[in-house]
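Participant: Sharing a structure, written as C-alpha cells. Questions coming.
The values are calculated or read from the model by the stated rules, or taken from the named source; none is laboratory data. On a predicted model such as this, the values are computed, not experimentally measured, just so you know. Note that each Cβ is placed from the backbone with ideal geometry, even for glycine, and that neighbours are counted across all protein chains shown. Calculation scope for accessible area: heavy atoms of the full protein, side chains included, ligands and nucleic acids excluded. Shrake-Rupley method; radii C 1.70, N 1.55, O 1.52, S 1.80 Å.
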Amino acid sequence: MNEYIQRIIKLTEQKNPGETEFLQSVKEVLGSIEEVVAAHKEYEELSVLERMTEPERIITFRVPWVNDEGKVIVNRGYRVQFSSLIGPYKGGLRFHPSVNQSIMKFLGFEQIFKNALTGLPIGGAKGGSDFDPKGKSDNEVMRFCQSFMTELYRHIGQDVDVPAGDIGVGAREVGYLFGQYKRIKDAYEGGVLTGKDICYGGSLARKEATGYGLMYFMREMLNAHGHSLENKIVTISGSGNVAIYACEKAYAFGAKVVAMSDSNGCIYDENGIDIELIKQIKEVRRGRIKEYLEVHPHAKYMENTGEDSPVWTIKTDIALPCATQNELTLNSAKILKENGCIAVGEGANMPSTLEAMEYFINNGILLAPAKAANAGGVATSAIEMSQNSMRYYYTFEEVESKLEQIMINIFKSSYEAANRYNCPGNYVKGANIAAFRKLADAMLAQGIV
Ligand code: NDP
C-alpha cells in the first residue's frame, strides 16, 4: 500500500482509539484511492488526507428530559460537523441506543463523500443521540426533541448546518425539532431541517428518495452488465424508510421482493411481500414485522439469533441491506453467493463488513456501494433546501425526475472513475475516487483551512 496512506491509517488509529466504525470507514476510503494519491504528490505535501480524516468540529451535549412517569432521563447528543468544503454541513440525525462518537464520526465521514457525489453544494455532517424512540409515547418523543434542539439550535442554520432524519428520526421527530427551532429563533427558517412534512415546507418525494434512488442506481448498474430488474427475486433487510421505498420501486421495475426484516427477525413470503401491509405495520402502527403473519399466515418468520441475519440465508438474485452498519458479514456474503446472488445494493450506510465487500468484489457479485447508491436521500434533501429558498414547490414528478437524473450521473461518474483507474466493475473504488478528487480539488483551492 502507498506509504502516505499507510501512515495516515496508522495516525488515525492512534488518534481515535477504540472507534472501530470510524476506522473501518477511513480504511475503506483510503484503501481505494491509492493510485490517485500516488499520482498527486501535492496531496501529501499539503496534508490533504490528514485534513480530510479530521472533523472540522465535534459537539457533544447533555439532553435532559422528563418521561411520562415524571422521572428525569439524561441522554447524550452529538453533532459531528465533518466538512464544509463544498457547502453547508449536511447529514441526518440518528436516535438509537447504539449511537456513540465512533458511529457519528463514521457516518459524518461517509456523508462528505456521498454529498460530493451528488454534484450538489452540500458539505458533510451527522448527529444524533443514544435516545431510543421505540416504545416511547408521542409526548416523550416531543419532550426529548425539544430538549435536544434547545442545545443544537445554536450550531445549525440554513447556511451553516442542515440536519435531517436517519434511523429513529422520521417525519414526527423532524416536526418536533423544527417546531422548537422556530420557537427559539422566532423566525421561519424553512431550510434549517430537511425531511419536513409536506404541509410545512417538506419536499414531495423526499420520503421515497433514498429507496427509489437505490433502485435507480441498481437499474443502471445491472444494465451496464447486461442484466435487468425484470423478474428478479429481491431480499431486503430492514423495514424502515429506506427498505420500504426500495421495495416499492423494485416492484415498479418488475422484480419480486420476497423478504424483509426488522431488528427482531425477518419474514419470507414466496408470493411477494405485501408492501402496503408493511407500511401499515411499520410506518403507521410502529409495530413489529412479525405482525405480518397475522394477515398472511402462509409467510414464514425467522428470529434473529446471532451476528448473521437470517434474511441473507434466503435464495435471491439481488440483496439490499437497508437496516444498519455491518449487518452483512463475510459468512452471509458467502451464503448469498452459493444461492446465486448477482448483485448487492447498499441502502444502509456501511452495511457490509470490509471482508464482505472484498468477497463480493473478488467473487463477481456486483456491489452498489452505500455512498453512491443511497445518495438519493440527501440529494433530494438538497432539492428540498432549494425549494425552501425559492419559496416554491416542485411536483412529485419534477422531484423524482431530478432524483433519477442525479442517480444516473452518480452511476456514470463511479463507472468512469472505475474504468479510468483500471478496476472496471468495482464501484466501491469508482465512487470513492470520484468523490475524493472533487473534495481534494476544493481543499487545494481554498488554502490551508
Ligand atoms: P428507519 O429507522 O426508518 O429504519 C431502520 C430499519 O432498520 C428498521 O427496520 C430497524 O428495525 C432496522 N434496524 C435498525 N437498527 C438495526 C440493528 N441494529 N439490527 C437490525 N436491524 C436494525 O431508518 P432508515 O430506513 O432511515 O435508515 C436505514 C439505513 O439507511 C441507515 O443505515 C441509514 O443511515 C441509511 N440511510 C438513510 C437515509 C434516509 O433518507 N432515511 C439516507 C441514506 C442512508 P426496528 O424497526 O426493529 O428498529
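Participant: How big is region 36-119 by the Kirkwood estimate over distinct Cα pairs, in Å?
Facilitator: Here the Kirkwood hydrodynamic radius works out to 15.2 Å.
Participant: Could you work out what % of the accessible surface of the chain is carbon and sulfur, using a 1.4 angstrom probe and leaving DNA, RNA and ligands out of the count?
Facilitator: Within the chain, the accessible surface is 50 percent carbon and sulfur.
Participant: Ranked highest first by average number of other Cβ atoms within 10 Å, how do 335-347, 149-161, 10-22 line up?
Facilitator: Put in order of decreasing packing, that is 335-347, 149-161, 10-22.
Participant: Still on this model: For every other residue with a beta carbon closer than 12 angstrom to the beta carbon of Ala370, add +1 if it is Lys or Arg and -1 if Asp or Glu, then tell me the sum.
Facilitator: -2
Participant: Here is a further query. Let me know the whole percent of all Cα-Cα pairs from the chain that are separated by more than 36 Å.
Facilitator: Within the chain, distances greater than 36 Å cover 23 percent of Cα pairs.
Participant: Right, another one. Leaving ligands and nucleic acids out of the surface, order Cys423, Cys199 by accessible area at 1.4 Å, largest first.
Facilitator: The most accessible residue leads, giving Cys199, Cys423.
Participant: Peptides 389-400, 175-186: what's the order by average Cβ count within 10 Å, highest mean first?
Facilitator: Final packing ranking: 175-186, 389-400.
Participant: Rounded to the nearest 0.05, what FRET efficiency is calculated for Asn67 and Glu276 with R0 set to 25 Å and r the Cβ-Cβ distance?
Facilitator: That gives a FRET efficiency of 0.15.
Participant: Another question about this same structure. Tell me the per residue accessible area of the chain using a 1.4 Å probe; a whole number in Å² is fine.
Facilitator: 39 Å²
Participant: So, with +1 on the Cβ of K and R and -1 on the Cβ of D and E, and no other charges, what is the size of the charge dipole of region 166-311 about its Cα centre, to the nearest 20 debye?
Facilitator: That gives a dipole near 440 debye.
Participant: Antiparallel DSSP bridges in region 187-324: what percent, to the nearest 5?
Facilitator: Close to 50 percent.
Participant: Summarise the long-distance tail of P(r) for region 253-350 by giving the % of C-alpha pairs beyond 16 Å.
Facilitator: Here the tail beyond 16 Å accounts for 57 percent of pairs.
Participant: May I ask for the percentage of alpha-carbon pairs in region 237-309 that lie more than 17 Å from each other?
Facilitator: I get 37 percent for the Cα pairs in region 237-309 exceeding 17 Å.
Participant: Another question about this same structure. Give me P(r) over region 97-183, computed from all C-alpha to C-alpha distances, binned every 5 Å, as integer percentages.
Facilitator: Reading the bins upward from 0: 3, 13, 22, 24, 20, 12, 5, 1.
Participant: Find the Cα radius of gyration of region 247-289, compare it with 2.2 N^0.38 Å by division, and give the number to two decimals.
Facilitator: It is 1.14.
Participant: Now for a different question. Can you order the peptides 118-124, 102-108 by their average number of other Cβ atoms within 10 Å per residue, highest first?
Facilitator: Ranked from most to least packed, the peptides come out as 102-108, 118-124.
Participant: In whole angstrom, note down how far apart the Cα centers of region 270-297 and region 361-387 are.
Facilitator: 26 Å
Participant: Also, I was wondering about something else. Would you mind computing the Rg to Rh ratio of region 393-449 from its alpha-carbon coordinates, Kirkwood style for Rh?
Facilitator: Rg/Rh for region 393-449 comes to 1.16.
Participant: With each pseudo-label sitting 7 Å past Cα toward Cβ, what's the Asp132-Ser228 distance in nm, one decimal?
Facilitator: About 4.6 nm, to one decimal.
Participant: Ignoring everything except DSSP H segments at least 4 long, calculate the 222 nm mean residue ellipticity for the chain; use -39,500 (n - 2.57) per segment, divide by total residues, nearest 500.
Facilitator: -14000 deg cm²/dmol
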